[in-house]
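Below is one structure; the comments refer to it alone.
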Amino acid sequence: NHHMSMVDSLYQALLSDKELSTNNTARMFMSGEHELKRIINQYIKKWCVRKRKQLKVADHELFKRDTEDLFELVLTRIQNDTEHLYPLVKKTREKHKHAA
């Protein structure tokens with residue numbers, strides 16, 4: 001959640017760009033972020049007791065699989081941010097800086 005909240009501030013520059021592909025990329029990342037947040041919230045609801053800040057694990061194998069799946073999603077998201085989103089933000093900012 002911390003990573004995604006930091007990335008949220010980057011979308012505005014992409015959405016204000018005149019290129020449709022840049023806008024579409026921002027919307028795609030925003031949609032993916034929304035889905036990832038939904039999955040994280042489901043995971044927390046399933047495996048955590050928020051008030052006590054405890055785990056509630058009855059099936060350790062299922063917990064392990066769910067946790068591995070969640071980590072894989074998060075790592076994929078961070079990799080996509082690094083390889084696609086951040087370079088696009090940098091390119092967009094440089095383009096706007098030179099236009100100003």
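The values are calculated or read from the model by the stated rules, or taken from the named source; none is laboratory data. What you are looking at is a predicted structure, and each value in this text was computed from that prediction instead of being measured. Cβ coordinates were reconstructed from backbone atoms using ideal geometry, including for glycine residues, and neighbour counts include every protein chain displayed. Please note that ligands, DNA and RNA were not included when accessible areas were found on the heavy atoms of the full protein model with its side chains. Shrake-Rupley method; radii C 1.70, N 1.55, O 1.52, S 1.80 Å.
One table, with the values for the structure above:
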quantity	calculated
Rounded to 10°, Cα long-axis angle of helix 2-15 versus longest principal axis of the chain	30 degrees
Estimated 222 nm signal from helices in the chain, with DSSP H stretches of n ≥ 4 weighted -39500 (n - 2.57), rounded to 500	-26500 deg cm²/dmol
Area accessible to solvent at LEU75, 1.4 Å probe radius, in Å²	110 Å²
Positive dipole terminus of the stretch 1-62, leading residue within SER31, TYR43, ALA13 (C-beta point charges)	TYR43
Heavy-atom accessible surface of the stretch 2-53: percent carbon and sulfur, 1.4 Å	58 percent
Solvent exposure, largest accessible area first (probe 1.4 Å, DNA, RNA and ligands not counted), of PHE63, PHE29, PHE71	PHE71, PHE63, PHE29
Only Lys, Arg (+1) and Asp, Glu (-1) charged, at Cβ; the chain dipole about Cα centre in debye	520 debye
Total formal charge among the other residues, if their Cβ is under 13 angstrom from that of LYS97, Lys/Arg +1 and Asp/Glu -1	+2
Heavy atoms of HIS60: accessible area, 1.4 Å probe, square angstrom to 10	130 Å²
Label assignment, P(r) over Cα pairs in 5 Å bins from 0, in percent derived from the structure, set (i) 2, 11, 18, 18, 16, 15, 12, 5, 1, 0; (ii) 2, 14, 26, 25, 19, 10, 2, 0; (iii) 2, 11, 19, 19, 14, 11, 8, 7, 5, 3, 1, 0	(iii)
